[in-house]
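The values are calculated or read from the model by the stated rules, or taken from the named source; none is laboratory data. What you are looking at is a predicted structure, and each value in this text was computed from that prediction instead of being measured. Because the Cβ atoms are built from the backbone with ideal geometry, glycine has one as well, and the counts that use them run over all protein chains shown. Keep in mind that these areas ignore ligands, DNA and RNA; they rest on the heavy atoms of the full protein, side chains included. Shrake-Rupley method; radii C 1.70, N 1.55, O 1.52, S 1.80 Å.
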Protein chains: 2
Amino acid sequence: MIEFWYEFASTYSYPAAMRVERVTKAAGVALRWRPFLLGPIFGAQGWNDSPFNIYAAKGRYMWKDLPRICEAEGIPLNKPVKFPQNGLKAARLALVAGDRIADFTRAVYTANFAEQRDISDDATLSEIVTKLGMDADAMFTAANTPENKAALKAQTDEAIACDIFGAPWFFVGDEPFWGNDRLEDAIAWAKT
Amino acid sequence: MIEFWYEFASTYSYPAAMRVERVTKAAGVALRWRPFLLGPIFGAQGWNDSPFNIYAAKGRYMWKDLPRICEAEGIPLNKPVKFPQNGLKAARLALVAGDRIADFTRAVYTANFAEQRDISDDATLSEIVTKLGMDADAMFTAANTPENKAALKAQTDEAIACDIFGAPWFFVGDEPFWGNDRLEDAIAWAKT
């Protein structure tokens with residue numbers, strides 16, 4: 001089984017989120033979706049913004065590298081209206097999406113990185129949920145309970161405790177794999 | 001043609017250096033070896049140490065990830081006596097190694113990451129050069145001329161001007177590829 005840890009603002013998590021279910025299924029490996037927040041992790045190392053914004057050359061490279069990856073994967077990429085976007089609400093909704101978490105997650109990434117939508121906007125998220133045939137009111141109510149807010153915080157605390165420092169991140173048991181380009185290695189590890 | 005930019009202290013440059021000649025030759029792509037220094041680049045972003053030391057979780061991950069890569073490549077890895085090592089002298093020597101630069105480069109990486117030698121030590125470097133059948137005295141004299149010191153500085157300045165922020169780094173024309181795991185992408189790009 002592979003745990004897929006992702007943050008909705010994270011650029012390289014986008015191609016990972018779009019392909020992780022397909023490639024794990026093809027390999028016969030179980031998948032667990034684990035949304036979390038990078039903000040508190042970056043904050044703890046003194047960053048109040050994405051490292052791609054803080055380190056300009058790194059950002060320029062990422063915006064050359066990511067389009068190559070998306071093109072190879074056959075997924076659309078249009079620079080987000082804002083980078084990074086605030087993925088807090090989307091992450092809380094993902095935690096209450098139940099067996100629709102994969103569909104919900106892909107729809108949010110598509111809104112962020114292909115459709116130039118603001119994923120911190122309730123209207124965007126409500127439209128996504130409704131299009132997926134889910135009850136938006138019920139979802140938002142469940143997402144905003146103190147218990148669910150605590151659950152997302154616990155998820156992020158677990159990420160910190162597991163030494164996660166970026167996204168996407170894969171765990172096979174205790175074995176860590178960082179980055180979209182390590183997904184195949186994680187699958188190979190899971191199969192041994 | 002692929003330009004291979006590397007820093008002798010850089011962990012992920014080790015597997016890249018050991019395989020770059022083999023895989024580019026197999027693909028029929030020309031290779032140019034470009035040693036440079038990361039220190040001034042890291043210094044400019046406020047780092048006076050390797051990011052793998054500054055960001056502890058990142059360092060712990062790298063020391064799990066690099067052994068997997070080296071094992072898959074069939075190259076030995078033993079944690080260096082010190083990390084990062086000072087690659088200044090080795091880089092100056094590489095610039096005067098002429099058509100032996102590939103052999104010299106691999107020998108220095110092996111000393112650093114497999115043999116637990118101090119690559120900033122003249123004795124280590126002298127032994128490497130001598131074992132390769134080169135004239136150590138002549139090499140050191142050539143390496144330490146003001147012209148050669150300036151040449152290494154110019155190489156590093158060129159790296160900064162090209163937006164290089166890490167190593168290993170590959171260029172195919174203006175197209176940048178960062179990391180050992182991007183070498184195959186760089187080769188594919190060079191062949192199109």
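Data table
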| read-out | value |
| --- | --- |
| Label geometry 7 Å along the beta-carbon vector: B:P67 inter-copy distances in nm | 4.1 |
| The range B:116-192: Cα Rg divided by the 2.2 N^0.38 Å rule of thumb | 1.45 |
| Neighbour net charge for A:P15 - beta-carbon separation under 12 angstrom, K R +1, D E -1 | 0 |
| The range A:1-144 - charge dipole about Cα centre, Lys and Arg +1 at Cβ, Asp and Glu -1, debye rounded to 20 | 460 debye |
| Estimated distance in nm for a label pair at A:A56 and A:T145, the labels positioned 7 Å out from Cα along Cα-to-Cβ | 4.8 nm |
| Chain A Cβ-axis minimum, rotational copy B, residue and distance in Å | A:D181, 3 |
| Relative contact order computed over the range A:73-192 (Cα-Cα under 8 Å; 6+ residues apart), in percent | 21 percent |
| Whole-angstrom gap from the range A:92-109 to the range A:162-192, using each part's C-alpha centre | 21 Å |
| Accessible-area order (highest first, 1.4 angstrom probe) of the listed residues B:V129, B:V96, A:V172 | B:V96, A:V172, B:V129 |
| Dimensions (Å) - the range A:34-192, Cα atoms, principal axes, largest first | 41, 36, 34 |
| Efficiency of FRET between B:A44 and A:A154 - r from beta-carbon atoms, R0 41 angstrom, step 0.05 | 0.60 |
| Chain A: calculated mean residue ellipticity at 222 nm from DSSP helix runs of at least 4, using -39500 (n - 2.57) | -16500 deg cm²/dmol |
| Loop-located trypsin sites (Lys or Arg not before Pro) in the range B:2-94, at most 15 other Cβ atoms within 10 Å (DSSP) | B:K82 |
| For the range A:129-172, residues shielded by at least 20 square angstrom of accessible area compared with the chain on its own, probe 1.4 Å | A:D163, A:F165 |
| Rg and Dmax [Cα atoms of the protein assembly as shown; Å; Rg one decimal, Dmax integer] | 23.0, 79 |
| Solvent exposure ordering (accessible area, 1.4 Å, most first) of A:I101, B:I164 | A:I101, B:I164 |
| With DNA, RNA and ligands ignored, accessible area of B:D49 (1.4 Å probe; Å², nearest 10) | 60 Å² |
